[in-house]
Structure formats: C-alpha cells, structure tokens
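Working notes, structure below.
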Amino acid sequence: MTRTKKIVGAVALLLVAGIAALAVAISRNAPCGPSVPIAPGVATMKAIVHPCYGKADVLRYEDVAVPQPGDREVLVEVRAVALNPLDWHYLTGTPYVMRLDSGLGRPRSDRLGVDFAGVVAAVGPGVTRFKPGDEVLGSRFGAFAEYAVVAEDRALVPKPSRLSFEQAAAVPVAAITALQGLRDKGRVKAGDKVLINGASGGVGTFAVQIAKALGAEVTGVCSTRNVELVRSLGADHVIDYKQDDFTRGDRRYDVIIDNVGNHPLRAVRRVLEPDGTYVMIGGPKDDRWLGPVLGFLKAPLMSLVSSQRFEVLLAGMNAADLGVLNSMIEAGQVTPVIDRTYALQDIPAAIDYLETQRARGKVVAARP
Ligand SMILES: NC(=O)c1ccc[n+]([C@@H]2O[C@H](COP(=O)([O-])OP(=O)(O)OC[C@H]3O[C@@H](n4cnc5c(N)ncnc54)[C@H](OP(=O)(O)O)[C@@H]3O)[C@@H](O)[C@H]2O)c1
C-alpha cells in the first residue's frame with residue numbers, strides 16, 4: 001500500500017470513529033438522578049420536572065424553589081398552562097440533533113412547559129407595565145409549575161377579559177405560530193385562497209380563525225370527525241383527508257400552511273398557484289435523529305427551482321405579536337378551542353394524549 005493510501009485510510013477510519021462516537025454521545029440517555037435538594041427555609045412550589053430524557057413516565061410532580069423576581073421581572077402565580085408538541089420534544093430529547101442545545105445525555109434544564117396564564121403575584125424593581133393582581137398570559141420555559149418568573153419586556157401581556165385562564169394559556173405558542181405563518185411567511189392578504197393542512201389541532205384551529213380575520217378564503221384539511229369543528233371556526237371549505245387528498249384536487253391555493261408535512265413537496269406544488277407560497281410548520285416526528293429537520297432543509301431547495309415560494313417557520317415568542325392576537329381575541333375574531341383540561345399533576349397523562357396527534361384544539365392543565 002502506498003503512503004498516500006495509508007493516510008487516506010487512517011483519515012477515513014478516524015472520521016467513521018468520530019461520527020460513531022458523536023452518534024453514541026448524542027443518543028445516550030443518562031439515568032434519572034435524585035431530586036435536586038432544597039435548602040432549608042426556602043419557599044417551595046410544585047412543578048413538573050424531568051431529570052432525564054424519556055417518555056411521560058419519567059416526569060415527576062415535586063417541590064422546587066419558588067423563583068424570585070429580579071430587576072424588571074414579574075412573578076406570576078400560574079393558574080393554567082397549555083401543552084405543545086414542543087414539550088414532548090424537550091421531554092424525549094428528540095430529534096437527537098436538538099440535544100446539541102437541550103443537553104447531551106440528560107436535559108440541561110429539568111423543567112418543562114412554555115405556555116401559561118395567571119395572576120401577577122409580585123414584581124421586581126423597575127417593573128412599570130405590570131402590578132400585583134394583574135391577569136396575564138405569556139410564555140416562559142419551565143411554565144409547568146405553580147409560579148413562573150418572566151422579564152416584563154418578554155412574551156407577557158394582559159389576559160383578554162373574555163377568556164378564562166385555560167383559554168388564555170392556550171394562546172401563546174400555537175396562536176403566534178399560526179399568526180407568523182400566515183402573516184410573515186405566507187404574506188396572506190384579503191381575498192387569498194389559503195389551505196390549512198392539520199386544521200383541527202392546536203395550531204390549525206388558530207390558523208383557520210386568523211386567516212379568516214385576515215380576509216382569506218379558507219380551506220381546512222382534517223379527518224371526518226373534525227369536519228364540523230373546522231367549519232364552525234369559519235372555514236369556507238373543508239376537505240376530509242379520509243375521503244380526499246387535497247394535493248390531487250382541482251383547486252389552487254395562494255398560500256398553504258402545513259402543520260402536518262405528510263405530502264411530498266412535489267405533490268403540494270401541483271395545487272399551489274404559480275406565485276403561491278407553501279409554509280412548512282410541522283413535519284413527521286418518526287425520525288429520531290433529525291425529525292422534521294430534513295423537511296426544513298428541502299423547502300428552501302425547492303424554492304430555488306420553482307417560481308413558488310417554499311418557506312419554513314420557526315415561531316418566535318414576543319409581546320408585540322401576543323398584543324396583535326389579544327386585539328383579534330377582544331374583537332371576537334379568535335377564540336381558543338380547548339379539547340381537554342387536566343390537573344397540573346396529571347400533565348404526564350396530558351402529554352401522552354397530545355402525543356397521539358389526535359388533539360382537537362388545545363390540551364391544557366389547570367390548578368384547582
Ligand atoms: N415551526 C414552528 O415554529 C412550530 C410551532 C408550533 C408547532 N409546530 C409543529 O406544528 C405541528 C402541529 O402542532 P399542533 O400544536 O397543531 O399539534 P397537535 O395539536 O398535536 O395536532 C393534532 C392535529 O393534527 C391533525 N392531523 C393529524 N394527522 C393529520 C393528517 N394526516 N392530515 C390533517 N390533519 C392531521 C389531527 O386531526 P385528526 O385527528 O382529524 O387527524 C389533530 O387535530 C407539530 O408538528 C408541531 O411540532 C411547529
């Protein structure tokens with residue numbers, strides 16, 4: 001063997017060994033450790049924690065320290081929280097690629113949940129927008145707890161008076177995703193023909209109502225049992241995917257909002273107007289390594305070879321968009337759809353239910 005061949009062989013071997021080591025490191029689940037001890041005299045609250053990656057059975061409902069609001073921070077007594085597929089991804093640490101951020105082996109943070117609604121319990125120095133007793137909604141990592149601390153300039157807004165705490169908690173992630181998908185990525189304008197694939201889930205039920213509020217002609221795609229629900233939200237047309245495949249129909253759309261990602265992009269192209277826009281929001285989660293990431297990579301590539309736009313949304317939580325949604329809610333244009341309400345300590349069962357991907361609207365959990 002020549003010297004060059006030996007060097008190339010050694011480099012290839014090192015590369016394979018490196019990739020194998022990375023694959024093992026990234027997919028390894030460290031065992032669940034003991035609970036974090038709490039110093040004597042520290043005020044405690046109940047929270048949902050997951051000291052390791054796994055299914056809902058690794059979740060614990062246990063005592064943790066009550067967070068204290070610092071400068072320009074608000075302490076919220078949480079009355080209700082909402083679940084999102086995001087929580088399931090953080091719980092399981094899948095797709096594995098996300099562990100580069102959420103933690104290798106075990107989660108960097110053992111707390112879970114994002115969406116909440118509640119009452120301001122205390123404010124830190126310098127807070128001007130909120131005072132104790134205000135009813136609020138917002139998003140904050142670790143929201144599955146009796147209290148949450150949020151910076152006043154982050155995703156925190158007054159709760160619309162016409163919503164219960166359960167309805168208010170349902171808003172942040174799902175409604176902001178629908179709004180940003182339609183308005184920012186889809187650039188929907190009055191008169192546009194908009195199709196929403198996955199119209200009966202958490203994001204979809206908001207998307208149908210927001211698209212109508214933006215003046216679009218809306219087609220919702222759902223299964224037979226949800227046809228009436230989607231119609232009741234204002235959809236002009238409903239396609240029952242058990243009977244018909246929207247990618248084989250005659251109708252063309254200006255914007256397609258895809259919460260499911262179950263059709264190849266080449267099939268979706270066929271029913272998109274030549275200058276239409278496809279917005280990928282959700283994708284199949286069966287691939288434990290990359291999840292929807294592959295689909296997210298394919299969409300921009302498709303844009304390169306097409307007059308149609310293929311966009312990917314990564315929703316960003318912010319107070320301005322929660323304010324826009326509050327206006328739509330106060331105007332009666334948007335009302336959260338609640339499927340089931342669990343008790344806070346029953347969040348493991350709520351996560352199991354959400355994982356079935358059969359939720360009709362939002363799944364929430366509330367304190368008694
Ligand atoms: N990109 C982002 O920033 C972002 C933000 C939020 C969520 N997401 C993703 O968006 C997706 C949807 O989230 P979600 O909160 O709406 O989830 P969800 O509430 O769990 O969605 C459940 C709904 O999906 C419907 N569905 C399942 N299979 C379907 C199919 N083949 N065709 C049409 N509808 C189908 C179900 O209706 P049937 O029972 O009638 O089938 C059910 O109503 C998830 O993948 C989530 O991870 C992404």
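The values are calculated or read from the model by the stated rules, or taken from the named source; none is laboratory data. These numbers come from a predicted model, not from an experiment. Quick reminder, even Gly has a Cβ in these numbers, built from the backbone with ideal geometry, and neighbours come from all protein chains shown. Each accessible area value is taken on the protein alone, full model and side chains, heavy atoms only, with ligands, DNA and RNA left out. Shrake-Rupley method; radii C 1.70, N 1.55, O 1.52, S 1.80 Å.
How far, in nm, would the chain grow between residue 21 and residue 240 when pulled straight, counting 0.36 nm per residue and subtracting the alpha carbon separation?
Extra length available between residue 21 and residue 240 comes to 74.3 nm.
Considering Cα pairs under 8 angstrom that are at least six residues apart, work out the relative contact order of the chain and quote it in whole percent.
Relative CO of the chain lands at 17 percent.
Using a 1.4 angstrom probe on the protein heavy atoms only, line up 99, 269, 340 by accessible area, largest first.
My answer, sorted largest first, is 340, 269, 99.
Please identify the cysteines of the chain that lack any partner cysteine with a Cβ under 4.7 Å from their own Cβ.
So, 222.
Stretch residue 346-residue 2 to full length: gain in nm at 0.36 nm per residue minus the Cα-Cα span?
Full extension from residue 346 to residue 2 adds 117.3 nm.
Determine the share of the stretch 174-312's accessible area contributed by carbon and sulfur atoms, expressed in whole percent, with a 1.4 angstrom probe.
52
What lysines sit close enough to residue 55 to cross-link, taking a C-alpha to C-alpha distance under 18 Å and skipping anything fewer than 8 places away on the same chain?
Excluding near neighbours in sequence, the set is 285.
Would you grab the residues whose amide H sits under 5 Å from the one on residue 193? Only those 5+ places off in sequence or on another chain, please, with H modelled 1.01 Å from N.
217, 254, 255
Give me the distance between the Cα centres of the stretch 23-51 and the stretch 105-133, rounded to whole Å.
19
Would you kindly derive the ³J(HN,Hα) couplings of the stretch 30-39 from the backbone phi angles with the Karplus curve 6.51 cos²θ - 1.76 cosθ + 1.60 (θ = phi - 60°), listing them in order in whole Hz, with x for Gly and Pro?
Once rounded to whole Hz, the list reads 5, x, 5, x, x, 5, 6, x, 10, 5.
Excluding residues on the same chain fewer than 8 positions from residue 185, give the aspartates and glutamates whose Cα lies under 20 Å from its Cα.
217, 254, 258, 273, 275, 311, 321
When only the heavy atoms of the protein chains count and the probe is 1.4 Å, how do 289, 88 rank by accessible area, highest first?
289, 88
Under the rule of at least 5 residues apart or a separate chain, name every residue whose amide H is placed under 5 Å from the amide H of residue 310.
Under 5 Å from the amide H of residue 310 lie the amide H atoms of 278, 303, each far enough along the sequence or on another chain.
Calculated from DSSP H runs of 4 or more alone, at -39500 (n - 2.57) each and per residue, what is the 222 nm mean residue ellipticity of the chain, nearest 500?
The helix contribution divided over the chain gives -8500 deg cm²/dmol.
Residue by residue through the stretch 272-280, what is 3J(HN,Hα) from phi via Karplus (6.51 cos²θ - 1.76 cosθ + 1.60, θ = phi - 60°)? Round to whole Hz and write x for glycine and proline.
These are the phi-based 3J(HN,Hα) values: 9, 4, x, 10, x, 10, 9, 10, 8 Hz.
Please give the peptides 290-301, 46-57, 173-184, 9-20 ranked by average Cβ packing (other Cβ atoms within 10 Å per residue), highest first, as a rough proxy for protection.
173-184, 46-57, 290-301, 9-20
Per residue, how much accessible area does the chain have with a 1.4 Å probe, in Å²?
46
If each of residue 330 and residue 252 carries a label point 7 Å out from its Cα toward its Cβ, how far apart are those two points in nm?
Taking the two extended label points, one gets 4.1 nm.
Would you check the accessible area of residue 185, probe 1.4 Å, heavy atoms only, in square angstrom rounded to 10?
Accessible area, nearest 10 Å²: 60 Å².
Ranking request for peptides 303-316, 114-127: highest mean number of other beta-carbon atoms within 10 Å first, then the rest in descending order.
Answer by packing, highest mean first, reads 114-127, 303-316.
Suppose we look only past 23 Å in the calculated P(r) of the stretch 1-144. What percent of the Cα-Cα pairs does that tail hold?
Every Cα pair in the stretch 1-144 considered, those over 23 Å come to 52 percent.
How much of residue 187 can a 1.4 Å solvent probe reach, expressed as accessible area in Å² and rounded to 10?
Taking all protein chains as shown, residue 187 has close to 150 Å².
Taking amide H positions as placed in the peptide plane 1.01 Å from N, state which residues far from residue 110 in sequence (5 or more) or on other chains have amide H under 5 Å from it.
The list, which skips near neighbours in sequence, is empty: none.
Using only Cα positions of the stretch 270-368, each an equal point scatterer, no hydration layer, compute I(q)/I(0) via Debye at q = 0.14 Å⁻¹ and quote the log10 values to two decimals.
Calculated log10 I(q)/I(0) at the listed q: -0.87.
If you average over every viewing direction, what projected area does the convex hull of the Cα atoms of the stretch 174-312 give, in nm²?
7.7
In cubic angstrom, how much convex hull volume per residue do the alpha carbon atoms of the chain span?
180
Between residue 28 and residue 306, what is 0.36 nm times their sequence separation minus the Cα-Cα distance? Round to one decimal in nm.
Length gained between residue 28 and residue 306: 96.0 nm.
Which distance in Å, rounded to a whole number, links the C-alpha centroids of the stretch 54-84 and the stretch 318-368?
Taking the Cα centre of each part, the stretch 54-84 and the stretch 318-368 sit 16 Å apart.
At R0 = 41 Å, how high is the FRET efficiency between residue 223 and residue 62 if r is their beta carbon distance? Nearest 0.05 is fine.
Working from the Cβ atoms, E equals 0.60.
Which of the lysines could a cross-linker bridge to residue 159, judged by Cα under 25 Å and excluding same-chain residues fewer than eight apart?
46, 131, 212, 362
Where does each of 146-155, 128-137, 201-210 land if you order them by average Cβ count within 10 Å, highest first?
So the peptides 146-155, 128-137, 201-210, ranked by packing, come out 201-210, 146-155, 128-137.
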